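Some notes on the structure that comes next.
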Amino acid sequence: MRFAICDDSAADRRALVSMLQQYCAGRHVQAEIQPFADGRALLQAFAPGKFQILFLDIYMPALTGMEAAKAIREKDTGCQLVFTTTSEDHALESYGVYAAGYLLKPYTQGQLDETVDWCLDNISPLAQAIEITYERERVQVLLGEIQYIEVFGRESIFHTGGRTYATNRSLVELEQELPQDFLRCHRSYIVNMNYIANMTTGDFILQNGCHVPISATMRAKAKQSFCDWMFQKVREGI
């Protein structure tokens, strides 16, 4: 899970980082927390899908948190926005950017936990995470970062853009837990269809050039499922 904090108060940034770390430790969530001192720095670093939850102070010089939120919403409609401020004056305005929360400073750990819980419950499926045991620790792997999963020996290997994770969970178990964006195309492979760039007779070719095999017994069903998924995305305008 990736968080961003935008607040011109260094003390408030440190406090929120500490509270988020406590939240994640209590729920075994693997998290990256990136703080920003102003809205312009946040927008320079921002990219769609880069952060799942953003905490924005409203009263900041040069660019307010509300102005930053409006700019973010033009690029990313899926991230969860939470305002942290000393005033109730902008509570109604926050609905205009579909804010997930509005925390009045000083807020408690319990209030933060409740807000983050709500965000995670309402986040888009691919922005959620799946829990696995990796190197004897429970970790959360973001679904949207999983390109494909393959069986190697007795382990299922998660391939993401930056690293791999090995777990003893079976593909059958994982298949039942994953959203419809994931397709079982082989007894040893599950592919995230969002990463498919092309399809041949026996493979799905991913955007990074990797080939994910399609078994002969699953070929017709897998290709039909992929075509149906693509048409559904077109109808949804995605």
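Where a number appears in this text, it was derived from the coordinates with a stated rule and is not lab data. Just so it is clear, the structure is predicted and the values come from calculations on it, not from any experiment. Here Cβ is always computed from backbone atoms with ideal geometry, including for glycine, and neighbour counts include all displayed protein chains.
Under 5 Å between amide hydrogens, built in the peptide plane, is the criterion, and for Y102 it picks out F83 among residues at least 5 positions away or on other chains. When the chain is treated as a GNM with alpha-carbon contacts under 10 Å, the residue of R73, R136, R27 showing the greatest mean-square fluctuation is R136. Hey, how many Å between the Cα centroid of the range 1-58 and the Cα centroid of the range 139-207? Centre-to-centre (Cα) distance: 29 Å. Once both labels are positioned 7 Å from their Cα atoms along Cα-to-Cβ, the gap between Y95 and W118 label points is 1.3 nm.
Could you give the angle, 0 to 90 degrees to the nearest 10, between helix 65-75's Cα long axis and the longest principal axis of the Cα atoms of the chain? So the helix axis and the longest Cα principal axis differ by about 20 degrees. Helix 109-122 and the longest principal axis of the Cα set of the chain meet at an angle near 40°. Rounded to the nearest 10 degrees, the angle from helix 10-27 to the longest Cα principal axis of the chain is 40 degrees. Applying both filters, DSSP loop and at most 10 other Cβ atoms within 10 Å, to the GluC sites (Glu not before Pro) of the range 96-175 gives E135. Taking 27 Å as the limit for the C-alpha separation, the pairs K70/K233; K50/K233; K50/K221 exceed it in the case of K50/K221. Debye-formula intensities of the chain, expressed as log10 I(q)/I(0) at q = 0.10, 0.12 Å⁻¹, are -0.55, -0.75 (one equal scatterer per alpha-carbon, no solvent). Placing dummy labels 7 Å off each Cα toward the beta-carbon, the span from T164 to C210 is 0.8 nm. Ordering V97, V139 from the fewest to the most neighbouring beta carbons within 10 Å gives V139, V97.
Normalised by the number of residues in the range 1-132, the mean separation of alpha-carbon contacts (under 8 Å, six or more apart) gives a relative contact order of 23 percent. For the pair Q34 and K75, what calculated FRET efficiency results from E = 1/(1 + (r/R0)^6), where r is the Cβ-Cβ distance and R0 = 22 Å, to the nearest 0.05? Taking R0 as 22 Å, the efficiency between K75 and Q34 is 0.85.
Each part reduced to its alpha carbon centroid, the range 65-103 and the range 111-133 end up 18 Å apart. Using a Förster radius of 35 Å, what is the FRET efficiency between K105 and F231 based on their Cβ-Cβ separation? Nearest 0.05, please. With a Förster radius of 35 Å, E is 0.15. Fewest-first ordering of D89, D38 by other beta carbons within 10 Å of each residue's beta carbon gives D89, D38. Using C-alpha pairs under 8 Å with a sequence gap of at least 6, the mean separation divided by the residue count of the chain gives a relative contact order of 11 percent. Projected label points at D203 and E135, each 7 Å from Cα along the beta carbon direction, are separated by 3.0 nanometres. In order along the range 182-195, the Karplus-derived 3J(HN,Hα) couplings, from 6.51 cos²θ - 1.76 cosθ + 1.60 at θ = phi - 60°, round to 9, 10, 7, 10, 6, 4, 10, 9, 10, 10, 7, 5, 5, 9 Hz, and Gly and Pro are given as x.
With the charge dipole of the range 114-238 set up from +1 on Lys and Arg Cβ and -1 on Asp and Glu Cβ about the Cα centre, the Cα lying farthest toward the positive end among the listed residues S124, Y134, H159 is that of H159.
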